[in-house]
Amino acid sequence: MRLAVIPARGGSKRIPKKNIAPFCGKPMIAYALDAVADSGMFDKIHVSTDSEEIRDVVEKLGFPVDFMRDPTLADDYTGLVPVLRWVVEQYRIRGESFEQICCVMPTAPLIRSKDFVEAFKIFNRHHAQHPLLVVSRFPAPIEWAFRRGEGGLLTAVSPESLVIRSQDLQHVYYECGPFTLCSPQHLIVDNPLTGQVLSYMLPAERAVDIDTPEDLAYAERLFKLSNEDLK
């Protein structure tokens, strides 16, 4: 049994009501919900929210919310693992158990149903032994990074690495955040990503983490371009 959990608390500050903000004609969360449902990979889809407004929007989209999130798990400091652990336990109390869990961000309008299908192939190929992250490649070597201080002055993070050619450096990757796959045993600890982790690659044009109004505007441009490419 597979469970998709979409964590959508109501306390977004940088983009008010971010999870249900208008995005190219629909509430933001609608795109993640549609991609999850269209993938056909899940036995249950649950939006974990403390907000009655978000619940009402989600249910109007056709996704009933089985239970509201405990308010103590909806502050600015609670991580996703305790939320997932609590959701799994609530379903266990109701007589439903799940072997595989997918945490899907509500702010992932560029994700597609096939991404879930392909990611689960990787996850199951390794017998669900390791969690799986969605990643994209850094556009430049991280060894060439600088920190920017007062007055715009730059300090190299690794001065000795600035003279190394890019072709002599290994590619590195970052979590771009649309979803994560795990098993219940991965949720025993608060940080299950400290060991070996599987990866599913997402192209840069769909690897956008929406945290600021600028991110939102950029994602909308990419979404419109990707839709044009699909026509």
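The values are calculated or read from the model by the stated rules, or taken from the named source; none is laboratory data. What you are looking at is a predicted structure, and each value in this text was computed from that prediction instead of being measured. All Cβ positions, glycine included, derive from the backbone under ideal geometry; neighbour counts span all protein chains shown. We work out accessible area using only protein heavy atoms, side chains counted, and drop any ligands, DNA or RNA first. Shrake-Rupley method; radii C 1.70, N 1.55, O 1.52, S 1.80 Å.
Assuming SER97 fulfils every condition listed in (1) touching a residue at least 40 places away in the same chain (Cβ under 8 Å); (2) part of a helix (DSSP H, G or I); (3) among the small types (Gly, Ala, Ser) apart from one, which condition is it?
Every condition holds for SER97 apart from (2).
Return yes or no: is ARG14 surrounded by 20 or more Cβ atoms within 10 Å (Cβ to Cβ), farther than 27 Å from VAL117 by Cα and under 20 Å from the mean Cα position of the chain (by Cα)? Steps first, please.
Values: surrounded by 20 or more Cβ atoms within 10 Å (Cβ to Cβ): no; farther than 27 Å from VAL117 by Cα: yes; under 20 Å from the mean Cα position of the chain (by Cα): yes.
When the stated conditions are applied, ARG14 does not pass them.
Is it true that VAL36 is open to solvent by 20 Å² or more (accessible area, probe 1.4 Å), part of a helix (DSSP H, G or I) and under 16 Å from THR107 (Cβ atoms)?
Working: open to solvent by 20 Å² or more (accessible area, probe 1.4 Å): no; part of a helix (DSSP H, G or I): yes; under 16 Å from THR107 (Cβ atoms): yes.
So VAL36 does not fit the description; no.
Can you report the number of residues in segment 68-85 which are within 18 Å of the chain's Cα centre (by Cα) and open to solvent by 40 Å² or more (accessible area, probe 1.4 Å)?
Qualifying residue count for the region: 5.
Taking segment 61-79, which residues are closer than 19 Å to ILE20 by Cβ and aliphatic (A, V, I, L, M)?
Within segment 61-79, LEU61, VAL65, MET68, ALA74 qualify.
Within segment 166-179, does at least one residue satisfy the condition of being of a type in the set (A, V, I, L, M) and open to solvent by 50 Å² or more (accessible area, probe 1.4 Å)? Steps first, answer last, please.
If we filter segment 166-179 for residues that are of a type in the set (A, V, I, L, M), which is where we start, we get 169, 172.
Those left that are additionally open to solvent by 50 Å² or more (accessible area, probe 1.4 Å): none.
No, there is no match, as no residue in segment 166-179 is of a type in the set (A, V, I, L, M) and open to solvent by 50 Å² or more (accessible area, probe 1.4 Å).
Name, by its number, the condition in (1) under 30 Å from SER39 (Cα atoms); (2) outside any helix (DSSP H, G or I) that does not hold for TRP86.
Condition (2) is where TRP86 drops out.
With respect to LEU198, is the statement that it is on the phi < 0 side of the Ramachandran plot and modelled with pLDDT of 95 or more true? Don't jump to the end; show me each part of the working.
Details: on the phi < 0 side of the Ramachandran plot: yes; modelled with pLDDT of 95 or more: yes.
Here the answer is yes, as LEU198 does meet what is asked.
With the checklist (1) within 17 Å of ILE101 (Cβ to Cβ); (2) touching a residue at least 60 places away in the same chain (Cβ under 8 Å); (3) out of contact with any helix residue (DSSP H, G or I) (no Cβ under 6 Å at 6 or more places or on another chain); (4) open to solvent by 20 Å² or more (accessible area, probe 1.4 Å) in hand, flag the one item TYR31 doesn't pass.
Only one criterion is unmet by TYR31, namely (1).
Suppose we filter segment 51-67 for residues that are out of contact with any Leu (no Cβ under 6 Å at 6 or more places or on another chain) and open to solvent by less than 60 Å² (accessible area, probe 1.4 Å); how many remain?
The total comes to 7.
Within the set of pairs 6+ apart or on separate chains, which have a first residue in segment 60-84 that is more than 22 Å from GLN100 (Cβ to Cβ), a second that is loosely packed, with under 14 Cβ neighbours inside 10 Å and among the hydroxyl-bearing types (Ser, Thr, Tyr), and C-beta atoms under 8 Å apart?
Matching pairs, first to second residue: THR78/THR72.
Could we say that PHE42 is in contact with a strand residue (DSSP E or B) (Cβ under 6 Å, 6 or more places away or on another chain), of a type in the set (A, V, I, L, M, F, W, C) and either surrounded by 13 or more Cβ atoms within 10 Å (Cβ to Cβ) or not in a helix (DSSP H, G or I) (or both) here? Give the steps one after another, and end with the answer.
On the way: in contact with a strand residue (DSSP E or B) (Cβ under 6 Å, 6 or more places away or on another chain): yes; of a type in the set (A, V, I, L, M, F, W, C): yes; either surrounded by 13 or more Cβ atoms within 10 Å (Cβ to Cβ) or not in a helix (DSSP H, G or I) (or both): yes.
It is true that PHE42 is in contact with a strand residue (DSSP E or B) (Cβ under 6 Å, 6 or more places away or on another chain), of a type in the set (A, V, I, L, M, F, W, C) and either surrounded by 13 or more Cβ atoms within 10 Å (Cβ to Cβ) or not in a helix (DSSP H, G or I) (or both).
Look at segment 48-66 and say how many of its residues are farther than 20 Å from LEU187 by Cα and assigned to a loop (DSSP other than H, G, I, E, B). If you could, list the steps in order and put the result at the bottom.
As a first pass, look at segment 48-66 and keep what is farther than 20 Å from LEU187 by Cα: 50-66.
Checking the rest, the ones that are also assigned to a loop (DSSP other than H, G, I, E, B) come to 50-51, 61-66.
Of the residues in segment 48-66, 8 are farther than 20 Å from LEU187 by Cα and assigned to a loop (DSSP other than H, G, I, E, B).
Somewhere in segment 196-213, is a residue open to solvent by 50 Å² or more (accessible area, probe 1.4 Å), of a type in the set (Asp, Glu) and touching a Gly at 6+ places or on another chain (Cβ under 7 Å)?
Looking for residues that are open to solvent by 50 Å² or more (accessible area, probe 1.4 Å), of a type in the set (Asp, Glu) and touching a Gly at 6+ places or on another chain (Cβ under 7 Å), one finds at least one in segment 196-213, hence yes.
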